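The values are calculated or read from the model by the stated rules, or taken from the named source; none is laboratory data. Being a predicted model, the structure only gives us computed values, none of them experimental. Methodologically, a virtual Cβ is constructed for each residue, glycine included, from the backbone with ideal geometry; neighbour enumeration extends over all protein chains shown. To get the accessible areas, we keep the full protein, side chains included, count just its heavy atoms, and leave off ligands, DNA and RNA. Shrake-Rupley method; radii C 1.70, N 1.55, O 1.52, S 1.80 Å.
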Amino acid sequence: MRKYINTLFMGLLIAASITSCSEEQGTNPGEDSRPAVIIYQYAPGEGYNADNDIKLRISANSQTQEAYYLCELTSEKADFIEINGEAAYMDQVTEKGIKLEEISGTSNQDVVVTGLIGDYTITAVAVKGNTKTAFESSFYGIQWDVFGEGTYHSSMFNATFAVEVRKAAHAEWYKLIEPFEEGKDLVIKMNGTNAAIEQQYVFTDSKYGAVYAEGKGVLTDNNINMTLTFTCSAGSFGEKQEILELPTK
């Protein structure tokens, strides 16, 4: 039996400017005196892995003649800046980064960065002559390691079945691989003995379409006992008691 998804990724901006500027800079084309860019983050879309891939929309103001971006481990960026300074890092981005060919003046360009594992910083640099400004955004790519085969007891489906379990390298998070539907994984985030299941698209109902689950649970012995609420556009299927028996090591 197979079916489940990663945490729904809401389009969000996770960014902090490394230049001193107002909130309006880069958002009001034609009003800024310096070049400026902003980075927005979105879910990468179908065919990508939202745990390790990210879609970026880089927006430039009217003063921007060209722009570049560079994605690298946050620690590597910090090491470079500590030795060389932030101005030198902007030069690094324009020299070793990727030029955004669609950026010139008031414009946007979408790019998808893939295969990120660990703590990354994406830096975009806007250029006008000898003037450069930078904007940065962060992304954490999750590494999932095989943990073993567990057993899942579902009151929603009145079934018990084996499921592959993976564990995050950076936290006590578990991912169940396609427990309800092919292509949809279930992520359980542990905090001590408490489990949080954020809203996730778990399977597609033939009548109601997309069905989501969210809830909480507690770890007892080797079992994560969960209370999940299953919902769809038409309403709720109610609370269900679900149990994951973790693999024994």
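State, to one decimal in nm, how far the label point of Val112 lies from the label point of Val146, with both points 7 Å from Cα in the Cβ direction.
Distance between label points: 2.7 nm.
If I fit a long axis through the Cα atoms of helix 74-84 and take the longest principal axis of the Cα atoms of the chain, what angle between them do I get, 0 to 90°, rounded to 10?
For 74-84 against the chain, the angle is about 20 degrees.
Counting only helical runs of four or more DSSP H residues, what would the 222 nm mean residue ellipticity of the chain come to if each run contributes -39,500 (n - 2.57) and the total is spread over all its residues? If you can, show how the numbers build up before the last one.
On the way: 2 runs with 22 residues, N = 249.
Theoretical 222 nm ellipticity from helices: -2500 deg cm²/dmol.
Give the label of the value calculated from the structure for percent of Cα pairs over 33 Å apart, choosing from [x] 30; [y] 12; [z] 35.
[z]
Quickly work out the Phe80-to-Thr204 label distance, labels modelled 7 Å from Cα along the C-beta direction, and quote it in nm with one decimal.
Taking the simple label geometry, Thr204 and Phe80 are separated by 4.2 nm.
Using Cα positions and a limit of under 24 Å, work out the lysines in reach of Lys207, with same-chain residues fewer than 8 apart set aside.
Candidates past the 8-residue exclusion: Lys3, Lys184, Lys240.
Determine the order of Met226, Met90 by accessible area, beginning with the largest, at a probe radius of 1.4 Å. Intermediate results must be reported in sequence, preceding the final value.
Values: Met226 0, Met90 30 Å².
Accessible-area ranking of Met226, Met90, largest first: Met90, Met226.
Using a Cα-Cα cut-off of under 25 Å, which lysines could be cross-linked to Lys77, ignoring same-chain neighbours fewer than 8 residues away?
Lys55, Lys96, Lys99, Lys128, Lys132
Just the number: Rg to Rh for the stretch 110-249, Cα atoms, Kirkwood Rh, two decimals. Please report the intermediate quantities before stating the final value.
Details: Rg = 19.1 Å, Rh = 17.2 Å.
Taking Rh as the inverse mean 1/r over Cα pairs, Rg/Rh reads 1.11.
So if each residue of separation counts as 0.36 nm, and I subtract the Cα-Cα distance between Ser104 and Ser236, what length gain in nm does that give?
On the way: separation 132, 0.36 × 132 = 47.52 nm, distance 4.85 nm.
Length gained, Ser104 through Ser236: 42.7 nm.
For the chain, which span is the longest to avoid every loop-located (per DSSP) member of GluC sites (Glu not before Pro) having at most 16 other Cβ atoms inside 10 Å? Can you show the working numbers first?
Working: sites that count: Glu23, Glu24, Glu31, Glu46, Glu101, Glu102, Glu172, Glu182.
Of all site-free stretches, the longest is 103-171.
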